[in-house]
Amino acid sequence: MKHSGKRYLKHLLFYLGGDQPPVSWLERVRSVLGGFYWSYVSVHYR
């Protein structure tokens, strides 16, 4: 079953901080990328 674009966007926005106080898109993206970076570093450079 295919999800509609609107539902997908809503799901994505939740993971970009949709349940948090309003912040700029740049800050959301920076935060998400920083989280992925540190997860990668902690797994590959122990």
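Throughout, read-outs are computed from the coordinates displayed, never taken from laboratory work. A quick note: this is a predicted structure, and the numbers were derived from the prediction, not measured.
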Which whole-Hz ³J(HN,Hα) couplings does segment 34-45 yield from phi under the Karplus relation 6.51 cos²θ - 1.76 cosθ + 1.60, θ = phi - 60°, glycine and proline marked x? x, x, 5, 4, 5, 5, 4, 5, 5, 7, 9, 10
At 0.36 nm per residue, and after removing the present C-alpha to C-alpha distance, how many nm does the segment from LYS6 to TRP25 gain when stretched out fully? 5.0 nm
